[in-house]
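What follows is a single structure, and I will ask about it in a moment.
The values are calculated or read from the model by the stated rules, or taken from the named source; none is laboratory data. Here the structure is a predicted model, which is why all the values come from computation and not from measurement. Virtual Cβ from ideal backbone geometry, glycine too; neighbours counted across all protein chains shown.
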Amino acid sequence: MTPAIALLKKAHAEYRLHSYSHAPTATAYGLETVQKLGLDPAQVFKTLLVTSEKGELLVAVVPVAGNLDLKALAQAAAVKKVEMADPHAAQRSSGYLLGGISPLGQKKRLRTFIDDSARQFSSLFVSAGRRGLEVELSAEVLAQHTQAHFAAIGRA
């Protein structure tokens, strides 16, 4: 059991787990999830870590069908600028491996932002903390358990 699932179980949150056999050669983890589980790419969200000009790590949750708008995230976080975090720093801070970073159950609680588009779905999919393991839950449940803010941070 991953820390993400442990957190949801402990909170008695409503969620469903979905698993698939992760291909070791896959590097587009979100797209692999879409293909293997037959999902809408707009409903599958990736977890990205960025760092601000002050060195603060932030979590961004955006659809795999698009990209993170760094300027929009900086504005939402009320910082001057953000850039993608060093992969090793992201793994160290979250406690998860790349491709399996969940916004839930991270080692350190970081400010988290979820793209507004998540609200249009009754449920969305995010990593459950391991490659090949996804958790399906509502945007509200995700926001509650990550203390996240919704903002228009994704772009097609």
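What's the number of the only condition in (1) hydrophobic (A, V, I, L, M, F, W, C); (2) surrounded by fewer than 20 Cβ atoms within 10 Å (Cβ to Cβ); (3) over 17 Å from Ser52 (Cα atoms) that Leu104 fails to meet?
The single condition Leu104 does not satisfy is (2).
From the list Ala13, Ala26, Ala6, Ala74, pick out the single residue that is at pLDDT 95 or above, of a type outside the set (Asp, Glu) and in contact with a helix residue (DSSP H, G or I) (Cβ under 7 Å, 6 or more places away or on another chain).
That would be Ala13, the only listed residue that is at pLDDT 95 or above, of a type outside the set (Asp, Glu) and in contact with a helix residue (DSSP H, G or I) (Cβ under 7 Å, 6 or more places away or on another chain).
Would you point out which residue out of Glu83, Glu136 is at pLDDT 95 or above, crowded, with 16+ Cβ neighbours inside 10 Å, assigned to a strand (DSSP E or B) and among the acidic types (Asp, Glu)?
Glu136
Listed here are the residues, each with its yes/no results for (1) assigned to a helix (DSSP H, G or I); (2) of a type in the set (S, T, N, Q).
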position	(1), (2)
His88	yes, no
Arg92	yes, no
Leu97	no, no
Pro103	no, no
Arg109	no, no
Thr112	no, yes
Ala118	yes, no
Ser122	no, yes
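Mind listing whichever residues of segment 35-72 are crowded, with 20+ Cβ neighbours inside 10 Å, touching an Asp or Glu at 6+ places or on another chain (Cβ under 8 Å) and β-branched (Val, Ile, Thr)?
Scanning segment 35-72 gives Val44, Val50, Val61, Val62.
Determine, yes or no, whether Ala128 is on the phi < 0 side of the Ramachandran plot, within 12 Å of the chain's Cα centre (by Cα), in a helix (DSSP H, G or I) and surrounded by 16 or more Cβ atoms within 10 Å (Cβ to Cβ). Don't jump to the end; show me each part of the working.
Numbers: on the phi < 0 side of the Ramachandran plot: yes; within 12 Å of the chain's Cα centre (by Cα): yes; in a helix (DSSP H, G or I): no; surrounded by 16 or more Cβ atoms within 10 Å (Cβ to Cβ): yes.
Criteria not met by Ala128.
So for segment 85-96 (the condition being without any contact (Cβ under 8 Å) to a residue 12 or more places away in the chain and of a type in the set (A, V, I, L, M, F, W, C)), does at least one residue qualify?
So far as segment 85-96 goes, no, none of its residues is without any contact (Cβ under 8 Å) to a residue 12 or more places away in the chain and of a type in the set (A, V, I, L, M, F, W, C).
Considering only segment 139-156, how many residues are under 11 Å from the mean Cα position of the chain (by Cα) and at pLDDT below 95?
0
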